[in-house]
1. The conditions are (1) away from chain A (no Cβ under 14 Å); (2) at pLDDT below 95, and B:Asn223 fails exactly one of them. Which is it?
2. Take the residues in region A:197-215 that are in contact (Cβ under 8 Å) with a residue 40 or more places away in the chain and of a type in the set (Gly, Ala, Ser), then tell me which one is farthest from the other protein chains (Cβ to nearest Cβ).
3. As an exercise: evaluate B:Asn15 against (1) assigned to a loop (DSSP other than H, G, I, E, B); (2) within 14 Å of chain A (Cβ to nearest Cβ) and give the number of the one condition it does not meet.
4. Look through region A:168-191, keep the residues that are within 14 Å of the ligand (Cβ to nearest atom) and touching a Pro at 6+ places or on another chain (Cβ under 9 Å), and return whichever of them is modelled with the highest pLDDT.
5. Counting only residues that are touching a His at 6+ places or on another chain (Cβ under 8 Å), at the interface with chain A (Cβ under 7 Å from one of its Cβ atoms) and crowded, with 24+ Cβ neighbours inside 10 Å, how many does region B:76-103 have?
6. From B:Gln67, B:Gln142, grab the single residue that is within 14 Å of chain A (Cβ to nearest Cβ) and touching a Phe, Trp or Tyr at 6+ places or on another chain (Cβ under 7 Å).
7. For region B:121-131, which positions are surrounded by 24 or more Cβ atoms within 10 Å (Cβ to Cβ), in a loop (DSSP other than H, G, I, E, B) and either of a type in the set (Val, Ile, Thr) or touching an Asp or Glu at 6+ places or on another chain (Cβ under 9 Å) (or both)?
8. Among the residues of region A:85-99, what is the count of those that are more than 9 Å from A:Thr121 (Cα to Cα) and either within 15 Å of the chain's Cα centre (by Cα) or more than 14 Å from the ligand (Cβ to nearest atom) (or both)?
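The values are calculated or read from the model by the stated rules, or taken from the named source; none is laboratory data. All figures in this text were calculated on a predicted structure; none of them were measured in a lab. When we count neighbours, we look across all protein chains shown, and the Cβ atoms used for this are built from the backbone with ideal geometry, even at glycine.
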Amino acid sequence: MDINNIPQTLPRFSATFDPATLAEIRRAAATGIYDIRGGGTKRKLPHFDDLLFLGASMSRYPLEGYREKCGTDVWLGTRFAKKPIHLKTPVTIAGMSFGALSGQAKEALGRGATIAGTSTTTGDGGMTPEERGQSQTLVYQYLPSRYGMNPDDLRKADAIEVVVGQGAKPGGGGMLLGQKISDRVAEMRTLPKGIDQRSACRHPDWTGPDDLEIKIEELREITDWEKPIYVKVGATRPYYDVALAVKAGADVVVLDGMQGGTAATQEVFIEHVGIPTLAAIRPAVQALQDLGMHRKVQLIVSGGIRNGADVAKALALGADAVAIGTAALVALGDNDPALEAEYRKLGSTAGAYDDWHEGKDPAGITTQDPLLAARLDPVAAGRRLANYLAVLTLEAQTIARACGKSHLHNLEPEDLVALTIEAAAMARVPLAGTGWIPGMAGGM
Amino acid sequence: MTTLDLSTATRRDLNGALHALPKDAPTADWTVLHPEGQHALAAGVNAPVTVTIKGHAGYYCAGMNQQATIIIEGNAGVGVAENMMSGTVHVKGDASQAAGATAHGGLLVIDGNASARCGISMKGVDIVVKGSIGPMSAFMAQSGRLVVLGDAGDALGDSIYETHIYVRGSVKSLGADCVAKEMRAEHLAELAELLAAAGVDARPEEFSRYGSGRTLYNFHVDNAGAY
Ligand SMILES: Cc1cc2nc3c(=O)[nH]c(=O)nc-3n(C[C@H](O)[C@H](O)[C@H](O)COP(=O)(O)O)c2cc1C
């Protein structure tokens, strides 16, 4: 053995203690407080990409693109509301608070949604006049904190969304750190300026589905039974949660999977609580079907919707509509590589920037700093969002026509197969090329 | 005076009619008979009218009230006057949990006792309870004033923000970051006004004041046990 020439082992990182884990341990040791960030889970999960459409061939006839009609409209709130909502596209804008987002960003969301013929949603912190003014169809969130909750705004809304939970943090309350509690945000929330706001995770005046039923009755009485009432839940036990929401009298159930974004939440919460969107849809639809309520109580699915294929897949699995948060912010200009130099200064990089709670967003979206917020032109950003929504709708239509469907709602699980055993089990569609649905009897 | 009998009319008849009242001109008084504990009675009223409910009310009576004076001649269920904006709600009997929850304004007077979570998340309302209040009252209370002539249960004012609490009797325990505070002249004056508004004959000097220690307003590692 030549002792001067022994082959060296390569430096090797641990898969368990990888560099991100090590960095977090050091950060925790230095600060003593958990990591808070915005966005959704960053780990790879079984998702819509693990599903494929079969398309038409000998046994199914496709529809002619551009020539044969493929409907995209959706009615929401047909169960009890005197004034249900009619949208041109099943892609809605999810609830994101003024406070988390700048006034300009909220206005841009309203503008974009209105051009596209869809709805937008308020968030923790109440309704701003800019957003009401620019949104043709506005859903008013009714949250545990009740910040800015006002019966006049309730009556101005087109629908009411009772928020029980969010996919990024089922069982968690809101957070808005001091940097973002500007004078206006503080006043709307009746809070001292500059405090670290931790809002409640349970509603103050009801607990459990029996109380919720009475709460929903009250909201209907106050608004003279006009408005659709949604119940939003984070995906955890979707079969039971959806069944209980229906029992409590919801017109619409919003189901948000763990990929769903948040403005600010503990990293450990985002990454370790809740189930993926893909795993949540079938149990939710099953609950509606078991109660004879599928399509009578509408289901809106959110959490990681990025393109028209995702929209089509969610609908094929039984959703009536979807909601987007993160993708809408990206369409407005969030994480734009053109701002790379500024993301670098914040110790991040375009595409990975998630310190939205710090209020320093160079794109002017997740900030209350007037100078940064002024960077976002609500008209131009709204136009970009409208364009993006149009693409999502066109893409979903393209797929539906290829599957021979004259309306997006005619897509069905039978149009889908899965690429992985996990996705097949979760979406309850066969593994591609087989008749095998893991966990189900039969097959061919 | 208008009288509506809920043994024949429905809750929808009542609320629909109250919602149709003019917002900016006074209306003759209303009396509601046979409420029998129904929920959401006189909820969402926005008019200068006095509504007297002759009996017990269920959940969310006078919810989100604006301008109206609503008198309940009986007990009130969960969330009486929840999210009230203005006006007066007067419960002649006892109130259940979450009385005056999240209310932004107006005056809530309870002649009897109030159960747990009285004034939870209150945002500017004034609440005067002539009896005692249950545990977790004024939890996360943001603004407004809570006056209690009797005793307060466990964890009073947990995670309180800027609400002023005045208690004449004993407090079983204070919640996180709620502390006893000095009664200064301005507090005695404010309390005297509230007692007068609620028609209570009591001396402000007999009360103790509680409020936020403001130590949890910003995250600090040494407070981790309190979060
Ligand atoms: C910046 C931001 C703020 C949010 N604020 C709220 C909120 O106030 N209330 C709420 O119910 N959900 C809130 N959400 C969650 C969204 O409503 C939605 O569930 C989620 O973004 C959907 O997933 P996606 O981001 O993958 O599209 C927020 C999300 C983001 C990204």
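1. The one condition B:Asn223 does not meet is (1).
2. Kept after step one, since they are in contact (Cβ under 8 Å) with a residue 40 or more places away in the chain, are these residues of region A:197-215: A:199-204, A:212, A:215.
Narrowing further to those that are of a type in the set (Gly, Ala, Ser): A:199-200.
Numbers: A:Ser199: 8, A:Ala200: 6 Å.
Result: A:Ser199.
3. Here B:Asn15 meets the rest and fails (1).
4. Initial filter on region A:168-191 (within 14 Å of the ligand (Cβ to nearest atom)): A:168-177, A:180, A:185, A:188-189.
Still in the list and also touching a Pro at 6+ places or on another chain (Cβ under 9 Å): A:173-174.
Values: A:Gly173: 88, A:Gly174: 82.
Within region A:168-191, the match that is modelled with the highest pLDDT is A:Gly173.
5. Here the count works out to 1.
6. Values: B:Gln67 fails: touching a Phe, Trp or Tyr at 6+ places or on another chain (Cβ under 7 Å).
Sole residue among the options that is within 14 Å of chain A (Cβ to nearest Cβ) and touching a Phe, Trp or Tyr at 6+ places or on another chain (Cβ under 7 Å): B:Gln142.
7. Hit for region B:121-131 is B:Ser121, nothing else.
8. Pass one, region A:85-99, residues more than 9 Å from A:Thr121 (Cα to Cα): A:85-91, A:98-99.
Among the residues that remain, those that are also either within 15 Å of the chain's Cα centre (by Cα) or more than 14 Å from the ligand (Cβ to nearest atom) (or both) are: A:85-91.
Residues that pass the stated criteria total 7.
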